Amino acid sequence: MVLTASTMLPLGSKAPDFHLPEVQSNQIVSLDTFAGKQGLLVMFICNHCPFVKHIKGELAKIGQDYGNSNLGIVAISANDAAKYPDDDFEHLQEMAQQLELTYPLCYDESQETAKAYTAACTPDFFLFDANQQLVYRGQLDDSRPGNNEPVNGKDLRSAIDAILASQTINPEQKPSIGCNIKWKPGNEPDYYGA
């Protein structure tokens, strides 16, 4: 495990398009799936990372709490499943079922979507407004495995609530911290480790 911070993609960046299979339905999910939403939360997660395991209950709860709102949510796993079999399609299916996720969990086998979003770690969060422009990227909250801070999603929830209320989001944002995305050999993006 390499402790990695999110890249902090510039605010205002346009959400890159993607076309990825959802692990439970095998249906293709794309940016167009969320057209007309007031906001879109894109999360890069995986099954095996202790940082994701630490917050998995909150990840499920966010889906439940905002399920009736005008927020689109999608989770994406991009890890190299050949080296990390716990992050393969079948194990992601099990994860989605166990957590009773109410939003799509997609598999980015090519890792091209993760690169397009400059995802660097799991978890990594990107929140876009109604124009699909980036308004928040950073941490869920201050909790990390072993630091005894509560897992409450306060940073991310504050940003989501602001989007849904058409309010401005504080541009001072703390990067997410987690395990590095497990890139396939030779597939590491230019920004990675920079």
*asked:* Of the residues Thr113, Thr118, Thr102, only one is touching a Phe, Trp or Tyr at 6+ places or on another chain (Cβ under 8 Å) and not in a helix (DSSP H, G or I); which?
replied: Thr118
*Only residues that are farther than 25 Å from Asn187 by Cβ, of a type in the set (A, V, I, L, M) and out of contact with any Pro (no Cβ under 9 Å at 6 or more places or on another chain): list them for the stretch 31-88, please.*
Ala35, Leu40, Leu41, Ala60, Ile62, Leu71
*Does the stretch 120-128 contain any residue that is crowded, with 19+ Cβ neighbours inside 10 Å, more than 21 Å from Leu11 (Cα to Cα) and touching a residue at least 12 places away in the same chain (Cβ under 8 Å)?*
no
*Which residues, taken from the stretch 9-26, are charged (D, E, K, R) and surrounded by 16 or more Cβ atoms within 10 Å (Cβ to Cβ)?*
Glu22
_Lone unmet requirement of (1) closer than 24 Å to Asn79 by Cα; (2) assigned to a helix (DSSP H, G or I); (3) polar (S, T, N, Q) for Asn187_ = (2)
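This table checks each residue for (1) over 30 Å from Pro150 (Cβ atoms); (2) of a type in the set (Ser, Thr, Tyr); (3) in contact (Cβ under 8 Å) with a residue 12 or more places away in the chain.
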position: Thr7; (1), (2), (3): no, yes, yes
position: Phe18; (1), (2), (3): yes, no, yes
position: Pro21; (1), (2), (3): yes, no, yes
position: Leu31; (1), (2), (3): yes, no, yes
position: Cys46; (1), (2), (3): no, no, yes
position: Lys56; (1), (2), (3): no, no, yes
position: Ala60; (1), (2), (3): no, no, yes
*Give Pro85, Pro175 a once-over and let me know the one that is surrounded by fewer than 18 Cβ atoms within 10 Å (Cβ to Cβ), more than 16 Å from Leu20 (Cβ to Cβ) and touching a Lys or Arg at 6+ places or on another chain (Cβ under 9 Å).*
Pro175
*Can you tell me which residues in the stretch 44-72 are within 18 Å of Asp141 (Cβ to Cβ) and among the small types (Gly, Ala, Ser)?*
Gly57, Ala60, Gly63
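Rule-based calculations on the coordinates, nothing more; no lab input. Remember, predicted model here, so these are calculated numbers, not experimental data. Cβ: placed from backbone, ideal geometry, glycine included. Neighbour counts: every protein chain shown.
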